[in-house]
């Protein structure tokens, strides 16, 4: 007869190569037979020779609440790629109480559950990968450190101990459902309760039935929301890391460092350091190394971690690696410089130890992966603001849409400074009602670069010939309206309508309508035809591109690059390694900072020079040496050190200066409040000058003030070098209003007016 109860399924993952493993299977058979009269238990193993990888996947697909997994880990199991596949799949069965879902048993002298021993198996599997090149093993290797860290946290029992206890622990693990004989007792007690007054209780409940019915739907909705919230929280946890997880491509040593971060700081530091020796321009590894060193230094200095201050940086590290790296480089450099200063003053010279070292702190940075996705970013912001009170400030987010979406989560709780959002919208009620604003964008508004672009377009007009500029926009680009409005105002203010005409833009019901939709140019022939028909009379193409669609922007450039018939302009976005190449040759991009651009402010000039020198040293694997230049290596400051890096560096430095005025004894909410006040004072009193110039924020909008501090745009052009690479070369305005390319020393560029021999001789 079919049971009315749902069976508890017990899946066994094992290698089938030792007597002990076979013994466990036989023991489980006996145990489940013995328990069947009390429990509904079904034992599942691969006696029908189902491939291990397939069986676990099928099991997981059919797995319900209450199902269990017994993992028998032997030396043969640890060396088997198939078993490692199963182990990886099993590790994805996460719950808030994992120990009730998975039961690891270690057989023999297997060292897989030991963090040190597991590295040996990892090496062996990597060697297997090189030999066999079997499909799928590489993915196993990539995730193995995370899997091992997960299982080591569960704990395990040896087979010998299990056998000596007559499988006591395994019986407790399986036993979930009430024995059948318990039900009569429950019924008897219920009847007693009913006779002794339960009827009155029932009647009262019945009177409230209507209201209960109303609440039921609400309760169901709340339950669904609660389940969805749990899913989101689990996803958010996987997107945050101080060093225990990695998001960028990882070397073997980096994986070791991540695995050891929560357990052995010394080994973690060694792993990260070895990884940086191999890949010196990896900012994620640099941040994790600093975090591990900060923890280690604090513990060695005071016996606890009270000397650590933590901030977060939120970047699209898994969706837009190049942009994320650029931002992380700025944050990592600022972190390294402040922590190096602590080590210089407080650690390396204990005899002359500064008296105030006990009041000094080390900086720790948490990396958050938000994918430039609003839902994900909101989840991260809620978690940081409400659950991670140790985080005192946030550098982020990348896109304006995402930054605007999280304003309400951070406001009145902690400082947020976006290094790359050009447009902040503080119109939300939560922001308007706030006593003060502590949400800022340190990059200049997109309108600030338009004067430079308009002047350059005007300089090309001769004999009063008009420049016909065609405007193409990405529908999700948050800055498009600001660009359109700014272009119109700039042309009007300088009385340039007889020289410059902007086409492709109309107004309908007070809304901007863009004729050339970048998102449709790949599939919509009509849009492409419109562009092609206009080419004869067009002279320039202006692109407004969202950071998510940098490649699509390059496609527009490629379609326009027919003999470079149109001059291409862009503000900020296309300044990226991702699109630097033939498709963008000749394109002009306006930014607020470039490593070779001149700076009007002397203090900024000095800071910028120091910033570039230190960056060159750090990312080429060299120790920073005072008053000494580091050689150029793999890291190219003209490509990899962008305006995003400089803005992120300034944002981090501003927070560091604010933290320096917050007493070390101030914790969590109090420290957050004090930091808000200190940052606000710095910028309102013009006390902070960074690599990118004086930093002043509009207190109402949070945007950087470029009217008071004259933030101007720097123009760069994509040119081909004789070595086959492409580079952004600065364009500077001369006294006669003409423009001149400022070529770097020692680098030869192709000149299309000359023969190949002449141009690169």
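The values are calculated or read from the model by the stated rules, or taken from the named source; none is laboratory data. Keep in mind that this is a model prediction, so the values were computed, not measured. Here Cβ is always computed from backbone atoms with ideal geometry, including for glycine, and neighbour counts include all displayed protein chains.
The residue of the range 641-669 that is modelled with the highest pLDDT, among those that are surrounded by fewer than 20 Cβ atoms within 10 Å (Cβ to Cβ) and not in a loop (DSSP other than H, G, I, E, B), is 656. For the range 277-286, the set of residues classified as surrounded by fewer than 22 Cβ atoms within 10 Å (Cβ to Cβ) and either touching a helix residue (DSSP H, G or I) at 6+ places or on another chain (Cβ under 8 Å) or part of a loop (DSSP other than H, G, I, E, B) (or both) consists of 278, 279, 280, 281, listed by residue number.
In the set (1) part of a helix (DSSP H, G or I); (2) more than 29 Å from the chain's Cα centre (by Cα); (3) at pLDDT 85 or above, residue 720 fails one condition alone, (1).
Filter the range 375-401 down to residues that are under 16 Å from residue 412 (Cβ atoms), in contact with a strand residue (DSSP E or B) (Cβ under 9 Å, 6 or more places away or on another chain) and outside any helix (DSSP H, G or I), then give me how many there are. Qualifying residue count, the range 375-401: 4. Filtering the range 302-323 to residues that are modelled with pLDDT under 95 and closer than 17 Å to residue 546 by Cβ leaves 316, 319, 320, 321, 322, 323. When the strands (runs of 3 or more DSSP E) confined to the range 411-521 are screened for residues that are touching a strand residue (DSSP E or B) at 6+ places or on another chain (Cβ under 7 Å) and at pLDDT 85 or above, those reaching at least 2 such residues are found at 415-418, 439-441, 467-473, 500-503. Of note, residue 253 satisfies the criterion of being under 22 Å from the mean Cα position of the chain (by Cα), farther than 19 Å from residue 365 by Cα, outside any loop (DSSP other than H, G, I, E, B) and at pLDDT 65 or above.
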